[in-house]
Each structure stands twice: as structure tokens, then as C-alpha cells.
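Structure incoming, see below.
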Amino acid sequence: MSSEAAGLVTIALAGQPNVGKSTVFNRLTGLNQHVGNWPGKTVEQKTGEMEYEGTPIRLVDLPGTYSLTANSEEERVARDFILRERPDVVIAIVNAAALERNLYLLAELLVLPRPVVIGLNMMDVAESQGVRVEPEVLEAALKVPVVPLVASRNQGLLPLVAAALRVAAAPGAFAPLRPEIRATHRPVLAAIAAGLAGKLPPLYPTDWAALKLLEGDAEIAAVVRAAAPEAWDDIHPLLLKHEDAYLDIAGGRYEWIARMVRAAVVRPRAGVVTITDRLDRVATHPLGGLALLLGVLAAVFWLTYAAAAPLVSLLGRAISGSLAGAVRSALTPAPSWFAAFVVDGLIRGAGMVLSFLPILVFFFALIGLLEDVGYMARMAYVMDRFMHRLGLHGKSSLPLFLGFGCNIPAVLGTRIIEDRRARLLTLLLAPLVPCTARLAVVTFLAPAFFGELATWAMVGLVALNLVVLVVVGVALNKLVFRGAKTAFIMEMPLYHVPNLRTIGLFVWNNVWAFLKKAGSVIVVVAAIVWALSSWPGPGMEHSVLAGLGRALTPIGAWIGVDDWRFIVALLTSFVAKENTIATLGVLFSAGERGVGLAGRVAAALPPSAAFAFLAVQMLFVPCAATVAATRQEAGWRWALLSVVMLLALSLAVGSVTYQVLSRM
């Protein structure tokens with residue numbers, strides 16, 4: 001039953017990547033949105049609620065796709081939602097500055113049995129590029145409602161929703177001008193449709209299924225074989241005889257697109273140089289682009305730590321000093337063990353992780369800015385030549401860049417890589433990119449360990465990680481994947497003014513995810529660490545945790561660490577990297593009360609061992625969630641290989657680092 005019958009209208013947002021679909025979704029739903037995964041899928045699902053003139057609306061942001069051919073999980077999710085959930089209307093967001101490319105997805109949407117409204121976005125960008133699109137002419141040519149938008153400025157969004165509701169209220173009146181297959185194969189398409197008539201599940205429209213069979217869609221072929229085996233026996237020989245039919249299908253769509261563009265688009269005169277062209281002369285230059293990329297990354301890290309470090313220090317002192325003292329005083333009537341649990345276990349353990357918040361806010365804001373203006377794609381392009389040294393291509397750099405935020409989306413992001421060999425290699429390398437959690441641990445400890453040299457120490461640790469990534473990538477490519485190469489094809493989005501609301505929501509969603517983890521996993525681990533460090537007693541030195549840590553100190557001696565508390569902190573970082581600080585906060589809480597955690601930790605290690613410890617921390621086994629994501633994407637064999645490889649690498653690099661530094 002349509003959701004409209006229950007008073008709720010479901011609108012699906014569809015569009016290619018980089019068309020501003022997320023901006024439209026964020027503008028319309030604000031914070032009233034939910035982010036998760038589609039059931040049984042690794043693709044992100046976004047749903048939101050809004051109301052327009054008393055009508056409640058559920059807005060579903062479909063994954064960005066270039067087509068609906070079911071070659072990727074994103075494409076399957078998008079078309080399955082439209083087929084199975086039957087939204088009241090689909091809003092297709094298209095980029096006015098690149099209309100010809102964007103209309104191919106629209107050509108496929110119009111064949112599906114749901115009404116469509118077009119949001120013609122980035123009209124300002126098109127104008128800056130010298131492209132003039134006439135919405136009224138396009139609407140008359142397509143016979144589909146077309147609403148011009150500048151989503152970044154909140155222009156046209158409410159008229160777009162109003163148009164969608166009008167179409168949803170009268171779906172029977174929707175009669176668009178759909179693309180047709182070229183004449184050569186029209187009789188074949190008609191014969192297939194006649195053979196399927198009345199034999200498919202209601203989810204699959206006969207004409208659409210016939211078209212997909214001619215395109216060679218394996219998923220629809222499997223549906224037909226299962227639902228109508230007799231019809232399949234008649235149709236299959238026809239499909240084999242006309243394997244080239246997909247050319248006439250695509251050709252018919254491109255001819256349809258060309259007619260629409262000729263009718264509604266006025267191109268700039270020949271020789272006009274656009275802003276994007278001027279910027280890309282530097283941003284995509286083999287040398288200038290690489291210099292710019294290094295400068296941008298350096299600026300991101302410098303701005304993050306220069307702005308966040310004072311706030312991190314301030315929060316750390318407030319949590320471990322003022323807050324802990326106040327809570328301890330308030331709990332004076334309570335049993336001593338309970339006060340110790342709350343203050344030393346929770347506040348000085350899990351609570352210290354909250355001091356990372358400024359780092360995360362600044363880092364995600366800068367990454368969101370680069371993504372929103374369109375520079376991330378240029379990063380991938382510039383990195384293409386370098387990535388080929390690892391047997392990869394520029395597209396692999398996108399999930400690796402995501403790894404600076406979190407290794408989990410980096411692993412999940414490898415799904416954009418079509419070649420399985422390149423995907424597996426990128427998946428194994430992703431945990432070697434230092435995520436914000438590892439960087440936050442280093443940012444917290446490096447100033448205490450190295451004082452004024454902390455910035456250089458952090459740069460050296462990040463550089464060490466990247467050198468190891470290169471060496472491991474070359475070795476894996478030659479030894480495991482036998483030096484195979486892959487090609488790289490990618491669309492460059494136009495530069496545009498960033499949308500502060502979109503960036504703000506990106507920061508909020510990531511920070512909120514961190515806070516939920518801090519409020520659940522990290523609190524639980526801190527509580528367990530405190531309990532194991534207190535039992536059976538008397539004192540921490542006689543606890544279960546101390547026994548485990550001492551049993552592993554021979555391994556710690558390889559990196560110059562003979563204090564069992566650091567070994568335990570490394571082990572707990574497997575659950576979440578932030579647990580390193582939470583664990584050290586618990587284990588060092590019995591130290592001198594007037595000295596902050598960083599000072600007490602720094603006094604326990606000489607500089608050479610401290611640097612080696614941080615090097616191991618940066619390269620240590622992925623967190624449990626990253627391992628789970630790796631298993632989900634590639635299976636247990638590759639997940640275990642990742643754990644074993646990084647365990648061996650971290651200890652080897654830490655040992656060599658300690659030996660070299662201790663002799664200097």
C-alpha cells in the first residue's frame with residue numbers, strides 16, 4: 001500500500017555522485033535524519049523526516065549512482081528500493097552544468113514504474129561555466145516537472161517538494177517522454193515482453209524486465225529463470241542471438257539525451273576558459289598538483305593540531321583535575337571502591353577520551369570542506385601515478401584518504417574499486433593510514449614526551465606510517481598479487497562554493513558517532529580495565545592485569561618498554577584506539593595527584609622508547625570494528641591476514657626504531 005494512503009508521503013532522492021544530492025537532503029531534513037546501513041548491505045542508508053504544509057514526508061537518500069544496471073551494490077540498492085518499496089515519487093537531482101552526463105540516470109529512472117520530478121541543481125555553477133539551461137524548455141521536452149535549484153543557497157527546495165507532492169497526488173497523470181530502443185531491436189524487445197507477460201512477480205514490470213534482459217542484466221535473468229522457467233527457455237535463444245542489443249539500448253538513450261540537450265541547453269562559445277579549467281591547470285598538474293596536494297594535507301594537519309591542541313590540553317586538565325576532584329569530594333560518603341571506580345575508572349579513563357573532541361571537530365570540518373568544494377577527486381587524480389607504483393590506481397586513494405578520518409569507512413569505501421585484486425590490496429593497506437583516533441592519541445602524548453619537538457615527532461610518525469604503507473604495498477603487489485595493473489577512469493566534479501550546513505552535518509554525524517562509541521565501548525573497556533587492575537589486590541601491582549602485562553614485557557623490551565601498563569594499553573587499543581588513553585588514565589591514576597596524566601605517563605619512558613611506543617601504536621593491529629568490516633568485505637582469511645601482518649609490522653618497526661634512536 002502506498003505510504004500516501006497513511007498520510008505519509010515517501011520521496012526518494014536519486015542522482016549521480018557530486019550533483020548536490022546530499023545538500024538537498026541535509027537542507028530539507030536538517031538534524032531530523034537517521035544514518036545507518038541498508039538491511040544486509042554495507043551501503044550507507046540515510047532517511048529523514050520533514051513536513052510541508054501539513055503533509056508529513058519521509059525522505060530517503062538513495063546511494064549516488066551513474067546508472068541502475070546492478071553492476072555495483074549502490075546500483076542494486078537504489079533500484080531495489082524503487083521497485084520493492086515503491087516510493088510515492090522519485091526526485092532526480094541533476095547537475096545543470098553537466099546535464100548531458102546526468103540525464104543517463106534519468107533515462108533509466110523513467111523506465112521504472114514510479115513518477116519522477118527533476119531538481120535541476122547547481123544553476124549558479126552552470127552560469128559561472130557559461131552554460132545556460134532553460135528549465136521550462138526541458139520540462140516541455142521531457143514532459144516531466146523540472147524545478148531549478150541552487151541547493152547550497154536554499155533556493156528552489158520548497159518548490160521542488162511542492163512539485164513532488166503534486167505528482168505524488170496524481171501518479172496516473174504522469175506521462176513522460178521516455179527514451180526508446182533503436183528500431184533494429186524493437187521487435188525483439190516486443191517479443192521478449194510478450195513472452196514474459198503475466199509470468200513475473202508483481203515487483204518486476206514486464207517491459208522493464210524485458211529491457212533489462214536485452215541489456216544482459218544477470219540479476220533479472222536469474223529472476224526470470226526462477227519465476228518463469230518455460231518462458232526463459234523460449235527467451236534465452238533470442239537473447240543469445242541478439243547479444244549486441246545493449247548497443248541499441250544505450251544508443252537510443254544517448255540520442256534521446258542529445259535531443260533534450262539541444263532543446264534546453266545553450267553552450268558557451270568555443271575558447272571560453274572556465275574557473276574549473278583555470279584551477280585544474282594547477283590542481284591536476286603532475287608536479288604542481290602533487291605540490292598542492294602535499295601543501296593541502298600539511299595545512300589540514302597543521303590547522304587541526306594548532307587549533308585543537310590548546311583545547312585538548314584544557315579539556316584534559318578539566319576532566320582529570322577539576323571534574324575528577326569534584327566527583328571524588330561528592331562521593332566521600334560512598335564506599336571507597338565505588339569512588340575509585342567512578343573517578344579512576346570512568347572519569348580518568350573513558351572521560352579522558354572526550355578531550356579528543358576538538359581534534360575530531362577540526363579534522364572532519366577540513367575534510368568535509370575539501371570534499372564539498374570538489375577537491376577530493378583531484379587528490380585521486382594526482383595520486384594516480386603514485387598509486388600505480390603500488391599496483392593500484394587513483395581511485396584507491398579515495399578510501400585511503402578516508403582512512404585519515406576512520407579506517408572503517410576506508411575499508412567499506414574500497415567497494416568503489418571494481419577490480420577485485422586492487423580492492424583487496426587497498427583493503428589491506430587502509431589500516432596503515434593513521435586514523436583520527438591514533439592521531440589523537442599521539443597528539444595527547446607527544447607534547448608530554450617530546451616537549452617543543454612534539455610537532456616534528458608527530459610529522460615523523462605520520463611519515464613513518466606512510467613509508468611503511470608504500471613498502472608494504474609494493475611488497476604485497478609483487479608477492480601476493482603478482483604485479484598486476486589496473487586502469488583508472490573517474491569524473492571530475494566542477495568546483496563550487498562549499499555549503500556550510502552540509503559540512504556542519506558531516507562534522508556532527510562523525511562526532512556523534514564518536515560520542516556514542518565513547519559512551520558505550522570505551523566506557524565498558526575502561527570499567528573492565530579498572531576492575532582487572534584492582535582485583536584481586538592488594539594494590540594494582542598484584543592485579544590480574546599486572547600479571548598479564550608482566551608476562552608480555554619480554555615483547556615490550558624489543559621496543560624499550562619495560563612498564564607493563566603500556567603493554568596493556570596497546571592490547572586494549574584493539575577494541576578502540578582511544579582506549580590507549582582510557583587505559584593509561586586508569587592505570588596511572590594512582591600516581592601523583594598534582595601531576596596530569598600526560599606528565600605521569602611521560603616520566604615512565606625515555607624518549608627513544610616513547611617514540612618507539614608511539615610508532616607501534618600508529619601501526620598496531622586494526623581496531624575490532626575495522627577487522628569486522630574487513631571480514632564483511634573480504635572474508636575471515638583477509639581479516640586475519642590484516643591482523644597478523646600489522647602485528648608483525650608494528651613490532652618490527654618499533655624494535656628497529658628503538659634500536660636506532662637509542663644509539664643516537
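Is the stretch 190-203 home to any residue that is out of contact with any helix residue (DSSP H, G or I) (no Cβ under 7 Å at 6 or more places or on another chain) and surrounded by 17 or more Cβ atoms within 10 Å (Cβ to Cβ)?
no
Considering only the stretch 614-631, state which residues are in a helix (DSSP H, G or I), closer than 14 Å to Cys406 by Cα and touching a Phe, Trp or Tyr at 6+ places or on another chain (Cβ under 8 Å).
Ala624, Thr630
Here is a follow-up. Among the candidates Phe566, Phe574, Phe611, which residue alone is of a type outside the set (Val, Ile, Thr) and either assigned to a loop (DSSP other than H, G, I, E, B) or not assigned by TED's automatic domain parsing to the domain that holds Ala430 (or both)?
Sole residue among the options that is of a type outside the set (Val, Ile, Thr) and either assigned to a loop (DSSP other than H, G, I, E, B) or not assigned by TED's automatic domain parsing to the domain that holds Ala430 (or both): Phe574.
Here is a follow-up. Going by what's in this entry, would Val161 be described as crowded, with 21+ Cβ neighbours inside 10 Å and not in a helix (DSSP H, G or I)?
no
Moving to a separate point now. Pull up the stretch 33-57, narrow it to residues that are of a type in the set (A, V, I, L, M) and at pLDDT 65 or above, then point me to the one that is nearest to Ala12 (Cα to Cα).
Ile57
Then there is this: Return the residue satisfying two criteria in turn: it lies in the stretch 207-231 and is closer than 18 Å to Ala250 by Cβ and not in a helix (DSSP H, G or I), and of such residues it is farthest from the chain's Cα centre (by Cα).
Residue satisfying both the conditions and the ranking: Gly216.
For residues that are among the aliphatic types (A, V, I, L, M), more than 16 Å from Pro17 (Cβ to Cβ) and part of a helix (DSSP H, G or I), tally how many sit in the stretch 97-130.
3
Taking the stretch 127-158 as the search range and keeping residues that are more than 28 Å from the chain's Cα centre (by Cα) and polar (S, T, N, Q), which one is surrounded by the most Cβ atoms within 10 Å (Cβ to Cβ)?
Only one residue fits best here, namely Gln129.
Conditions tested, residue by residue: (1) over 19 Å from Leu439 (Cβ atoms); (2) touching a strand residue (DSSP E or B) at 6+ places or on another chain (Cβ under 9 Å); (3) surrounded by 19 or more Cβ atoms within 10 Å (Cβ to Cβ).
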position	(1), (2), (3)
Glu578	no, no, yes
Val601	no, no, yes
Leu619	no, no, yes
Thr630	yes, no, yes
Trp636	yes, no, no
Ala648	yes, no, no
Ser662	yes, no, no
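So which residues in the stretch 144-162 are at pLDDT 95 or above and either more than 19 Å from Asn26 (Cα to Cα) or of a type in the set (Val, Ile, Thr) (or both)?
Val144, Pro145, Val146, Val147, Val161
Only residues that are aliphatic (A, V, I, L, M) and more than 29 Å from Val133 (Cα to Cα): list them for the stretch 238-266, please.
Leu238, Leu239, Leu240, Ala245
Among the residues of the stretch 248-281, count how many are modelled with pLDDT of 85 or more and among the aliphatic types (A, V, I, L, M).
10
The values are calculated or read from the model by the stated rules, or taken from the named source; none is laboratory data. Being a predicted model, the structure only gives us computed values, none of them experimental. Note that we place each Cβ from the backbone using ideal geometry, even for glycine, and neighbour counts take in every protein chain shown.
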